[in-house]
Amino acid sequence: MTFINEINDILWTYILIIMLLGCAVWFSLRTRFVQFRMIREMIVLLSESAGKGKQGEKHVSSFQAFAISIASRVGTGNLAGVATAIAIGGPGAIFWMWVIALLGASSAFIESTLGQLYKIRGKDSFIGGPAYYMKKGLKQPWMGMLFAVLISITFGFAFNSVQSNTICAAAEHAFGFNHIILGGVLTLLTLLIIFGGIQRIARVSSIIVPVMALGYVGLALVIVALNITHLPGVIALIVSHAFGWEQALAGGVGMALMQGIKRGLFSNEAGMGSAPNAAATAHVSHPVKQGLIQTLAVFTDTLLICTCTAFIILFSGAPLDGSANGVQLTQQALTNEIGSSGSIFVAVALFFFAFSSILGNYYYGEANIRFITHRKWVLHGYRILVGGMVLFGSLATLDMVWSLADVTMALMAICNLIAILFLGKYAIRLLNDCLLYTSDAADER
C-alpha cells in the first residue's frame, strides 16, 4: 500500500498535473477557446440528436453516445469524490475542480473529435478511441496496445471497484444492507446488462442518465434556493481557500490544487482518454459534432453536478475535520439539510449514478479488449472478471480502491495526453473545416 502511494504521489505531483494543465491551456489557445465560444452549438446539437435513434438501426445515436459518456463520468466522483476532495483539500479544492473542467474541456474536444476521425465500423456500432488513433494516426500500434491494457484495467477493474464500494457504503449507512448481499446483486445486474453488448448499454444509459441527473440537480437547486443568502459566503470560502495566504503558509493551497485536479479528472475524465471510446460509437455527419457534445458532457459533470454536491456540503455545516469522508460526508450534509431522508436519497441517487458508471466503464474496457483481440472467449472472460471486480469492490477498503484507481488513471492519462499532443492538429483542422462549412451554409441561406 505504501509503495502504491509513493508511485501515486510521484505521478500526480511531478508529471500528470503539469501535463494536464499544459495540454488544457495549449488546446484552449489553439482552438481559440472552443469550449466557451461554441456552447450554443453544443446545446443545439444535443437537442437535435436526442430524438434521432431509429428502431432497427445498427448504430448508436449521438445522444446515446453522450449518455454513455455521462454514465461513466457521473458516478461516485460526483458524490463521494467531491466530498473526499473537500475533506482532504478543503473548500479550495472545488475552485481547482472548476478550473480543470473549464480548461480541460478543450482537451475533451480534441480527444473526442479524434475518436470520431479514426473510428472503424464494428458489428453493432462504430468502435474507436485512443488505442485506435494511436495505431492509425500515430502509426504506433504498441502504444495503442499499452493504452488498451491500461484502460481495460482502469475502468473495467479499478473504477468499477470504486463504484461498487461506494454504493455498498452508502446503502449500509442508509439501510444497514450487508455488503456481500448487495455486492452479489450488483454483480448479477452488471453481468445481465453487459452481456447484451453496446446496444443494451446505450438503451439503459439513455434512460437512467437524464432521470438521475435531473433529479439530483433539482434537489440541489432547492437547497441552494433555501440557502440563497449564504451563497456569496460559500463562493468566497471556496475562492479564499484556493488562494488564501493562511492556506498557502500551511500547505493547504497545494493540497487543494492536487485534490481538486485529482478528483476533477476522476469525475469529468477530460484528457484521460475514456470519452473518445463513447464518442467513436456515435453516427454523426461530422466528427466535430461529437467533439462538441462530449465537451458539453464535461461541463454537465463538473460545473453542474459536482458543484451541486459541493454546495450541499458547504451549506450544511457538516464537519470537514475528517471525521466523515467520501459518500458518508455527502449523506451527513444532506441529512442536515432535509432530515433523515437525506441519507436515503443519497443512497438511492448514488446507486443509479454509480451503477450507470459501471456500465459505461465496462464499455470502455470492451472497446479496447476488441482492439487487443477478436476472440470471443477473451471478451466473455473479461465480462466475468468485471463482474468479479464489482463484487471485490463491494468488500474492499475505500483507501486501497482509490489508491489503485489513482495510479492506473494517471498512467493511461499520460499515454493519451502524449498522443493527442501529436494528433491534435488534425482535430483543429476538422474544427476549422466545420466552421467554414457552417459559415458557407449560413451565407447560402
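Brief remarks follow.
- Residue match in the range 345-357 (condition: over 24 Å from the mean Cα position of the chain (by Cα), surrounded by fewer than 23 Cβ atoms within 10 Å (Cβ to Cβ) and over 14 Å from Ile194 (Cα atoms)): no
- Boolean, Thr300 is open to solvent by 10 Å² or more (accessible area, probe 1.4 Å) and under 12 Å from the mean Cα position of the chain (by Cα): yes
- Of the residues making up the range 31-50, those that are crowded, with 16+ Cβ neighbours inside 10 Å, modelled with pLDDT of 85 or more and over 9 Å from Ser106 (Cα atoms) are Met38, Glu41, Met42.
- Elements of type helices (runs of 4 or more DSSP H) in the range 82-149, at least 2 residues being of a type in the set (S, T, N, Q) and in contact with a Phe, Trp or Tyr (Cβ under 6 Å, 6 or more places away or on another chain): 92-117
- Selection status of Met97, under 28 Å from Met42 (Cβ atoms) and within 14 Å of the chain's Cα centre (by Cα): yes
- Single residue of the range 204-260 satisfying the filter (over 26 Å from Ser341 (Cα atoms) and part of a loop (DSSP other than H, G, I, E, B)) that is modelled with the highest pLDDT: Gly244
The values are calculated or read from the model by the stated rules, or taken from the named source; none is laboratory data. Predicted model only: the values in this text are computed from it and were never measured. Virtual Cβ from ideal backbone geometry, glycine too; neighbours counted across all protein chains shown. Quick note on the areas: whole protein, heavy atoms, side chains included, nothing else; ligands and nucleic acids left out. Shrake-Rupley method; radii C 1.70, N 1.55, O 1.52, S 1.80 Å.
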